[in-house]
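The block underneath contains the structure these notes are about, expressed in structure tokens.
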Amino acid sequence: MRKFSNRKALILVIITLLVNVFSVVTPFAFAQGETAYPTLKITLVNPSTNPARLMWGEVIQNNLKAVGIECDRVIWDWDTIYDRILECPTELVGKTYEQGGFDALFVGYAISLEMDLRPLFKGGAAYYPPTGQNYYIYNNSQLNALLDQAMETPEFEERLPIQWEIQRILYEEQPSCIISYFTECVAFDPALKHIDEGYWYPAFPYPEMWSGLETCIVSQTGPVLELHPLVTTSYYDLAAYGVVFSGLNRKVNMVEATMEPMVAESWTVADDKKTWTVKLRDDVFWHDGTKVTADDVVFTYQSVLNPSVACPAYGDYSTIFGSNDSIRKIDDYTVVFALPKPYALFAEVILDDAILPKHILEKIPPEQWRTDPFNTGVGGGPVGCGPYKYAGYDEATRTFKFTKNNNYFKKAELEGKGLFTIKDYWVTFIEGFDPALAALKNGEVDYLDSQYHCEAHLAEFEEAWSKTVLYSSNGYQELGFQMQHPVWGTGVETPLGESNPSRAAEAARYLRQAVSHCIPRYQIVGEILQGIGTPGSVHSFPGQAERREDLPPYSFNLTRAKELIQMAGYSYQPPPPSFLEQYGIYLVFGVGLIIAVAGTYFLTKKPK
């Protein structure tokens, strides 16, 4: 029995060796059919804060590799993204990743209900960072003209076909590939009331409209970086500075979606559709007790037009207002905006801007606004006329604190309705869903913002300590290209672009379309987002009035992606064979033969 057992064991060893040799060597030996484009490279920038975005970033990276593109992916915090992309200095505008800029960026946009794509896609230096929001440095003369035409057309029915043509061009050109539209979700302490009445972006944050708690702590996936509304476009910053300041008007909520007066008492437009008259309330005070007047309103909008401020809205506002002369004080409570041309969304987009205190900021050089305590919150803080006053920053917990403004001009009205019960409003940063969920469960925070993607974890929330609200997001997630990149943007360094410069832009368009075909949108929505969302197609979210519905999502088709890459002039080139690829098959049979002979010898040898 012992001798038989030894033989059996030896047979098992031989079989195991053969299996292992084949499993290791065979993939190399039969890799001759794999191909690549050795000169086609891209680096994807993935923000660190959104877990779902990190997951699909990896999926898309692997698909780009599968079609032969050399694709790297870096994960950056928002500080780095702002420094190198969103608020980069002029010298980095249009630079590739290797030059200190970027190639392509995963990012999400929370946008207004009304469609105005001009700030994001109109070309020209004023629209590029740091004074504009055209982060991709896209410049298309046909599109530029249409973007202006749309915003200069006040009547919706006349504007609609222009907006549809804008969407068609962006769909074909793919300066950014729309990945998905979210059905977003916020989770909160069940003691917190009225969240489900439409108080989400862009009707956010409105904690004075909530009730049920005296202290409310909002947790976000991204950090608050700046508190001055003229120098930031960050969704995360809005949760903090949004309670400090008030605009001339604002959206009532996302259910009614109409505008209500705030600092303004009323606004009217003349028959020429260019001249707007705004009457102000006379009972609004800054947090330091100074009265808000027309001087503050004029100062605010003229500050946007000051290039030294480097406001991200500078480019578009320069187009809308023309010059400081178009903003005039009539008396202490009347301001007239005399625009050079009509702007279709003036009441909805312009009048809800945060009004700034002239008596404080005029003493600070505009070049120092970003580093001043008014913006950083360190050694001071912002002063507004909104429902909450700045109360400080806790560095240990990364929490910005705000306290109720008992001199708020709507205090009596709100308290009469049983609202405005929250005395202390805090905004904190917890990166990652699991620790944020634990914080909500343990009562350490009261509200989880939408970027945690709670909709993918609904089963983990229990009624005893949480409540959730699902709603359609006003925005989209995308992968955007640096459109001055010589390969992915202008195409001048593609094979087709080099052989025929007149077709360079065409070649780059093929490559961006190829990337779009590498995005498995239905898989992302179905698996990563748990079916809660919609595959992306055009630069307009579902339900937006101007949305074009006849352009479907780009199909997930790696074969088509390879065809488009070849149309840009690239040809498959097999990588040089390695030693194992050249001789692996011989090693397989050689090692196998040796093992087989040795095994036969030991199995047939008689024991002494």
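The values are calculated or read from the model by the stated rules, or taken from the named source; none is laboratory data. Quick caveat: nothing in here was measured; it's all calculated off a predicted structure. Cβ sites come from the backbone with ideal geometry, for glycine too, and all protein chains shown count toward neighbours.
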Looking at ILE75, ILE85, ILE60, can you tell me which residue is at pLDDT 95 or above and either part of a strand (DSSP E or B) or not assigned by TED's automatic domain parsing to the domain that holds GLY480 (or both)?
ILE75
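Do we find a residue being surrounded by fewer than 19 Cβ atoms within 10 Å (Cβ to Cβ), modelled with pLDDT of 95 or more and farther than 19 Å from PHE106 by Cα anywhere in segment 511-523?
Going through segment 511-523, the residues surrounded by fewer than 19 Cβ atoms within 10 Å (Cβ to Cβ) turn out to be 522-523.
From what's left, modelled with pLDDT of 95 or more: 522-523.
Adding the requirement that they be farther than 19 Å from PHE106 by Cα leaves none.
Checking segment 511-523: not a single residue is surrounded by fewer than 19 Cβ atoms within 10 Å (Cβ to Cβ), modelled with pLDDT of 95 or more and farther than 19 Å from PHE106 by Cα.
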For the list (1) buried (at least 23 other Cβ atoms within 10 Å of the Cβ); (2) over 20 Å from ILE179 (Cβ atoms); (3) not hydrophobic (A, V, I, L, M, F, W, C), I need the number of the one condition that HIS485 fails.
(2)
What is the number of the single condition among (1) out of contact with any helix residue (DSSP H, G or I) (no Cβ under 9 Å at 6 or more places or on another chain); (2) aliphatic (A, V, I, L, M); (3) within 18 Å of ASP72 (Cα to Cα) that VAL525 does not meet?
(3)
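Only one of these is of a type in the set (D, E, K, R) and surrounded by fewer than 22 Cβ atoms within 10 Å (Cβ to Cβ): ASP271, ASP296, ASP316. Name it.
Numbers: ASP296 fails: surrounded by fewer than 22 Cβ atoms within 10 Å (Cβ to Cβ); ASP316 fails: surrounded by fewer than 22 Cβ atoms within 10 Å (Cβ to Cβ).
After ruling out the rest, the residue left standing is ASP271.
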Residues satisfying the stated conditions in segment 420-445, i.e. within 28 Å of VAL525 (Cα to Cα) and part of a loop (DSSP other than H, G, I, E, B):
ILE430, GLU431, GLY432
Give segment 245-279 a look and list any residue that's among the small types (Gly, Ala, Ser), within 33 Å of the chain's Cα centre (by Cα) and assigned to a loop (DSSP other than H, G, I, E, B), or say none.
SER246, ALA257
Every residue in segment 199-244 that is of a type in the set (S, T, N, Q), closer than 17 Å to PHE374 by Cβ and surrounded by fewer than 23 Cβ atoms within 10 Å (Cβ to Cβ), please.
SER234
Considering every residue within segment 387-397, establish whether at least one is touching a Ser or Thr at 6+ places or on another chain (Cβ under 8 Å), aliphatic (A, V, I, L, M), in a loop (DSSP other than H, G, I, E, B) and touching a residue at least 24 places away in the same chain (Cβ under 8 Å).
no
All-but-one check, GLN368 against (1) surrounded by 19 or more Cβ atoms within 10 Å (Cβ to Cβ); (2) over 26 Å from PHE204 (Cβ atoms), failing number (1)
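Looking only at segment 93-100, decide whether some residue is in contact with a strand residue (DSSP E or B) (Cβ under 7 Å, 6 or more places away or on another chain), closer than 27 Å to THR221 by Cβ, modelled with pLDDT of 95 or more and part of a helix (DSSP H, G or I). Let's see the steps before the verdict.
Narrowing segment 93-100 to residues in contact with a strand residue (DSSP E or B) (Cβ under 7 Å, 6 or more places away or on another chain): 97.
Still in the running and closer than 27 Å to THR221 by Cβ: 97.
Narrowing further to those that are modelled with pLDDT of 95 or more: 97.
In the following step, the residues that additionally are part of a helix (DSSP H, G or I) were identified as 97.
Yes, because at least one residue in segment 93-100 is in contact with a strand residue (DSSP E or B) (Cβ under 7 Å, 6 or more places away or on another chain), closer than 27 Å to THR221 by Cβ, modelled with pLDDT of 95 or more and part of a helix (DSSP H, G or I).
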Among residues of segment 201-229, those that are in contact with a strand residue (DSSP E or B) (Cβ under 8 Å, 6 or more places away or on another chain) and aliphatic (A, V, I, L, M), counted
5
Can you go through GLU462, GLU506, GLU498 and tell me which one is surrounded by fewer than 24 Cβ atoms within 10 Å (Cβ to Cβ), among the acidic types (Asp, Glu), out of contact with any Phe, Trp or Tyr (no Cβ under 7 Å at 6 or more places or on another chain) and in a loop (DSSP other than H, G, I, E, B)?
GLU462
From GLN451, GLN484, grab the single residue that is in the same structural domain as GLU506 (by TED's automatic domain parsing) and not aliphatic (A, V, I, L, M).
GLN484
If you scan segment 138-163, which residues turn out to be surrounded by fewer than 23 Cβ atoms within 10 Å (Cβ to Cβ) and either part of a loop (DSSP other than H, G, I, E, B) or without any contact (Cβ under 8 Å) to a residue 12 or more places away in the chain (or both)?
ASN139, ASN140, ALA145, GLU152, THR153, PRO154, GLU155, GLU157, GLU158, PRO161
When you go through (1) out of contact with any Leu (no Cβ under 8 Å at 6 or more places or on another chain); (2) free of Cβ contacts under 8 Å to residues at least 24 places away in the same chain; (3) not in a loop (DSSP other than H, G, I, E, B) one by one for GLU478, which number turns out not to apply?
(2)
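Taking into account only those residues within segment 36-57 that are of a type in the set (Gly, Ala, Ser) and modelled with pLDDT under 95, which is farthest from SER450 (Cα to Cα)? Before you say what the answer is, go through the steps one by one.
Taking segment 36-57 first, the residues of a type in the set (Gly, Ala, Ser) are 36, 48, 52, 57.
From what's left, modelled with pLDDT under 95: 36, 48, 52.
Details: ALA36: 40, SER48: 16, ALA52: 12 Å.
Across segment 36-57, the extreme among qualifying residues is ALA36.
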Which of the residues that make up segment 524-543 are closer than 23 Å to ASN62 by Cα, surrounded by fewer than 21 Cβ atoms within 10 Å (Cβ to Cβ) and of a type in the set (Gly, Ala, Ser)?
GLY526, GLY531
Residue list for segment 49-91, filter: surrounded by fewer than 18 Cβ atoms within 10 Å (Cβ to Cβ), among the hydroxyl-bearing types (Ser, Thr, Tyr) and in contact (Cβ under 8 Å) with a residue 12 or more places away in the chain
THR90
Restricting attention to segment 276-286, does a residue exist that is farther than 14 Å from LYS329 by Cβ and either of a type in the set (S, T, N, Q) or at pLDDT below 95 (or both)?
no
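Quick check on ILE166: is it outside any loop (DSSP other than H, G, I, E, B), touching a residue at least 24 places away in the same chain (Cβ under 8 Å) and touching a Leu at 6+ places or on another chain (Cβ under 6 Å)?
In short, yes.
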For TYR109, work out the one condition from (1) at pLDDT below 95; (2) closer than 27 Å to TYR510 by Cα; (3) assigned to a loop (DSSP other than H, G, I, E, B) it doesn't fulfil.
(3)
Cβ pairs under 7 Å, 6+ apart, first in segment 408-420 and farther than 11 Å from VAL284 by Cα, second of a type in the set (S, T, N, Q) and surrounded by 16 or more Cβ atoms within 10 Å (Cβ to Cβ):
GLY418/SER211; LEU419/SER211
Note on ARG328: of the conditions (1) at pLDDT below 95; (2) not in a helix (DSSP H, G or I), unmet is (1)
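Can you give me the number of residues within segment 111-127 that are surrounded by 20 or more Cβ atoms within 10 Å (Cβ to Cβ) and over 15 Å from GLN163 (Cα atoms)?
Adding up the residues that qualify gives 2.
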Selection count, segment 230-253, where residues are touching a Ser or Thr at 6+ places or on another chain (Cβ under 9 Å) and either at pLDDT 95 or above or within 27 Å of LEU280 (Cα to Cα) (or both):
5
So, in segment 159-194, how many residues would count as being at pLDDT below 95 and among the aromatic types (Phe, Trp, Tyr)?
2
